[in-house]
Amino acid sequence: MFGPGFRVCTVFGIPIKVDASWFIVFGLITWGQFQAYQGMREMAGRPEGNSLVMGIAAALLLFVSVLLHELGHCAVARAYGMRINGITLFILGGVAETADESPRPGVEFLVAVAGPLVSALLAGAFYALFRAREIAGYPLPPQITLVSETLAGANAALVVFNMLPGFPMDGGRVLRSVLWKATGSIYRATRVAAVIGRGFGMLFILAGLGLTVFTGGANFLMLSLVGLFLRFAAGASVHQLVVKRTLEGVQVSFFMETHADTVNPDLSLENFIDDHLYVSLHRCYPVVAEGFLEGVILSQFVEAIPADRRAAMRVRDVMDENLILWTIHPDTDAIRAYARMLATGRPRLIVTRDEEVVGVLSLEDMVRFMDLKARMEL
Ligand SMILES: [Zn+2]
């Protein structure tokens, strides 16, 4: 979902990364806090104090707050034996990526509420600092009071936003765990929670645009951006779930077609079109001589050759000989093969063992399998 991000540190063995978009948040908070403190200083007629330091302090504390929220999710996930890939902070907060899905609805519920619970505790703690004078009769310096007020509000906002009942927000995960428990199907539960997540996304997009038009303030475009992200993430979440649940533990050899149509490198393009392309209608074929892979021929390469020249040219002349991205080992995890096909735009991969062709893997077959299995079993 994100770019590589900057790895800033490791906490309890969990790598913490920051996406470039987080710096927008950092800048906005620093600036907002800077202005607020400047205003307060002018009102109080006090020239001392460094407003910029206040701004940066608030931004750093927000960073720590979001991080603690995510660590809350991670702590519970780990307690139930789930492995954590890492935490990424980005423009809309943070995400903790787990290598494993929740084993059952109860665990999903606890993992989901742990983050907002941490944020609620932080909001309470910062509120107590903000109201230290009233609560403990001990007034804190105005710098601390102001930053505490900001952080109390920000953490409270994190709770409210995250508890909206649409996937992939925490509230959506809570909803999913409840539906999962009720229906016994994580697939159906995720689909419902994701539809609601997409609904919230659409609502945010429209509200952001509407408010921007009516108020003329560009601040509300941020809300539309949140909405766009939600819509995208909700859609992707169902897909990810299906991929993980249906392909987990399956190897390439399970899907590969072992009697795949292969092409001889010395065949003329005209014959290739008549005997292979028009017959099996694939977009690419392994070019094989004596059992060994020599290249891959793509229909689009052949299309580019003028029709009157096709009889004189051979498959060897137009095939792709750069085989690294075309070949895959039969023992490879199907999930990895699938990800590679999507990333490289290759509809088929040639399955080879010691350079010998043992089969062909088709993206279409995998997609059909996942769809069928999801509807049958999830
Ligand atoms: Zn969360």
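What follows is calculated from the coordinates using simple rules that are stated; it is not laboratory data. Keep in mind that what you see is a predicted model, and the values were worked out from it rather than measured. Counting neighbours? That spans all protein chains shown, and the Cβs are built from the backbone with ideal geometry, glycine included.
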Original post:
So for the chain, what percent of the C-alpha to C-alpha distances run longer than 31 Å?
Top reply: 53
Original post:
Fully extended, how many nm does the chain gain between Ala339 and Thr258 (0.36 nm per residue separation, minus their Cα-Cα distance)?
Top reply: 27.0 nm
Original post:
In segment 179-248, how does Rg compare with the Kirkwood Rh, expressed as the Rg/Rh ratio over alpha carbon atoms?
Top reply: 1.18
Original post:
Residues with amide H under 5 Å of Gly86's amide H, sequence separation 5 or more or different chain, H placed in the peptide plane at 1.01 Å from N; which?
Top reply: Glu97
Subject >> Least to most buried among Cys74, Cys9 (fewest other Cβ within 10 Å first) >> reply: Cys9, Cys74
Original post:
Which whole-Hz couplings ³J(HN,Hα) result when phi for each residue of segment 206-211 is put into the Karplus expression 6.51 cos²θ - 1.76 cosθ + 1.60, θ = phi - 60°, listed in order with x for Gly and Pro?
Top reply: 5, 4, x, 5, x, 5
**OP:** Using only Cα positions of segment 106-189, each an equal point scatterer, no hydration layer, compute I(q)/I(0) via Debye at q = 0.18, 0.20, 0.25 Å⁻¹ and quote the log10 values to two decimals.
**Re:** -0.73, -0.81, -1.04
**OP:** Could you list which residues have their amide H under 5 Å from that of Gly295, counting only those 5 or more apart in sequence or on another chain, with H placed in the peptide plane?
**Re:** Val287
Original post:
What order, most packed first, do the peptides 205-215, 353-363 have when packing is the mean number of other Cβ atoms within 10 Å of each residue?
Top reply: 353-363, 205-215
Subject >> Gain in span if fully extended, Ala125 to Gln240, counting 0.36 nm per residue against the direct Cα distance >> reply: 37.7 nm
Original post:
Going toward the positive end of the dipole of segment 179-248, with +1 on Lys and Arg Cβ and -1 on Asp and Glu Cβ, which of Leu221, Thr246, Val195 do you reach last?
Top reply: Thr246
**OP:** Measure off 7 Å from each Cα along the Cα-to-Cβ vector at Thr10 and Asp266, then give the distance between these two points in nanometres to one decimal.
**Re:** 5.7
Original post:
Charges only on Cβ, +1 for Lys and Arg, -1 for Asp and Glu: so what's the dipole of segment 226-378 about the Cα centre, in debye to the nearest 20?
Top reply: 920
**OP:** Would you mind counting up the charge near Pro105? Only other residues with Cβ under 13 Å from its Cβ, with Lys and Arg at +1 and Asp and Glu at -1.
**Re:** +3
**OP:** Only Cα pairs under 8 Å and at least 6 apart count here; give the relative contact order of segment 6-163 as a rounded whole percent.
**Re:** 22
**OP:** Can you tell me the alpha carbon radius of gyration of segment 317-378 divided by the globular rule-of-thumb value 2.2 N^0.38 Å?
**Re:** 1.24
Original post:
What fraction of the DSSP beta bridges in the chain is antiparallel, stated in percent and rounded to the nearest 5?
Top reply: 80
Original post:
With labels modelled as points extended 7 Å from the Cα through the Cβ direction, what inter-label distance (nm, one decimal) is found for Val64 paired with Glu321?
Top reply: 6.1
Subject >> All-pairs Cα distance distribution in segment 252-377, expressed in whole percent, bin size 10 Å >> reply: 13, 43, 31, 11, 2, 0
